[in-house]
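Any read-out appearing in this document is the output of simple, stated calculations on the displayed coordinates, not a laboratory observation. Bear in mind that the values here come from a model prediction, so they are computed numbers and not experimental data. Please note: Cβ atoms are built from the backbone with ideal geometry, for glycine as well, and neighbour counts cover all protein chains shown.
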Amino acid sequence: MPLSTSAERNSFAQDLFTPLPARYDRLAEILSFGQNGRWRRAMIDRIVCAPGKTVLDVASGTAGVAIQLARRTDAGVVGVDLTEQMLRHGKAKVAAAGLAGRIALVAGRAEQLPFPDASFDALTFTYLLRYVDDPQATLAELARVVKPGGRVASLEFCVPPSRFWHSAWWLYTRLLLPLGGLATGGREWLVVGRFLGPNISAHYRKYPVSWTSAAWREAGFTDVGVELMSLGGGLIMWGTKSGG
Ligand SMILES: C[S@@+](CC[C@H](N)C(=O)[O-])C[C@H]1O[C@@H](n2cnc3c(N)ncnc32)[C@H](O)[C@@H]1O
């Protein structure tokens with residue numbers, strides 16, 4: 001059944017992610033051939049934030065990006081995510097990293113963030129737009145909470161543009177990813193492995209990269225940049241909230 005409302009999308013994402021946190025960090029690395037960490041670092045490279053400032057990390061999950069932001073920028077970090085179990089695991093990681101004074105994790109939806117306008121100096125979001133019903137409206141909501149002149153950066157999976165690498169990616173996502181997921185993480189990861197490839201393909205059929213960069217501008221970001229990573233398997237985007 002196609003998911004047609006925001007609430008259906010949210011409960012689909014919660015059902016998908018609720019069983020995953022215990023193995024999420026290790027398997028995200030293994031199943032991306034170690035690319036996830038490199039992509040995250042490249043995204044954070046795009047964030048400029050001085051000490052004493054605050055960054056919002058949306059779809060923060062188990063806080064992997066939030067922890068890197070805290071270590072690399074000296075800023076305070078707030079992570080927001082829909083799935084309570086991902087956040088609970090993230091809070092334990094933040095405490096173990098000795099960063100509880102620098103990172104706060106809170107429950108919330110990207111579509112309706114629980115913060116006033118212009119609350120944050122910078123913002124990141126990772127693997128989010130495929131889970132929302134209206135990416136354009138969600139981008140506008142993300143823009144709402146960033147101060148004018150604030151930097152925003154995102155990381156998403158993508159589809160390799162070259163025919164050859166697209167075929168290799170297709171085989172990987174349709175065959176190896178589900179089997180690798182089953183072998184390393186059991187049934188829940190088989191479900192994720194089977195879901196990801198078709199979901200990524202369908203998302204970019206509906207919202208190609210060119211559409212997405214236009215949507216960033218429409219949402220109120222300037223100097224929008226795009227970088228395909230690992231032959232197109234990953235997509236980093238960045239921009240600056242207009243009016244600074
Ligand atoms: C693939 S995980 C990524 C977690 C983290 N950003 C990382 O890179 O490790 C995607 C996260 O998006 C969250 N999510 C999905 N839809 C969301 C929404 N509408 N608002 C906030 N979080 C959402 C899920 O709960 C999940 O934790």
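Taking a ≥ b ≥ c as the square roots of the eigenvalues of the Cα gyration tensor, the range 144-198 is oblate, since a/c reaches 1.5 or more and a/b is not larger than b/c.
Exposure proxy for 184, 124: other Cβ atoms within 10 Å of each Cβ, ordered fewest to most, give 184, 124. With all pairs of different C-alpha atoms in the average, the Kirkwood value for the hydrodynamic radius of the chain is 18.1 Å. As a proxy for reagent exposure, ranking 128, 69, 113, 123 by other Cβ atoms within 10 Å from fewest up yields 113, 128, 123, 69.
Remark on the range 196-244: ratio of C-alpha radius of gyration to 2.2 N^0.38 Å is 1.26. Counting only residues at least eight positions apart within a chain, or on another chain, the lysines with an alpha carbon under 25 Å from that of residue 93 are 53.
Here the residues 11, 213, ranked from fewest to most Cβ neighbours within 10 Å of their Cβ, fall in the order 11, 213. Relative to one another, the C-alpha centroids of the range 141-163 and the range 1-64 are positioned 13 Å apart. Please give every one of the aspartates and glutamates within straight-line cross-link reach of residue 241, meaning a C-alpha to C-alpha distance under 19 Å, and leave out same-chain neighbours fewer than 8 residues apart. Cα-Cα hits under 19 Å: 45, 57, 111, 117, 121, 141, 218, 223, 227. Where q = 0.08, 0.12 Å⁻¹, what log10 of I(q)/I(0) comes from the Debye formula for the range 100-244, counting one point per Cα? So the normalised log intensities are -0.26, -0.57.
Here the alpha carbons of the range 99-170 define both size measures, Rg and Dmax, at 15.7, 48 Å.
Applying D = kT/(6 pi eta Rh) to the range 51-131, where Rh is the Kirkwood radius over alpha-carbon pairs, T corresponds to 10 °C and eta to 1.306 mPa s, the Stokes-Einstein value obtained is 128 µm²/s. The sum of -39500 (n - 2.57) across all DSSP H runs of n ≥ 4, divided by the residue count of the chain, sets its helix-only mean residue ellipticity at 222 nm to -14500 deg cm²/dmol.
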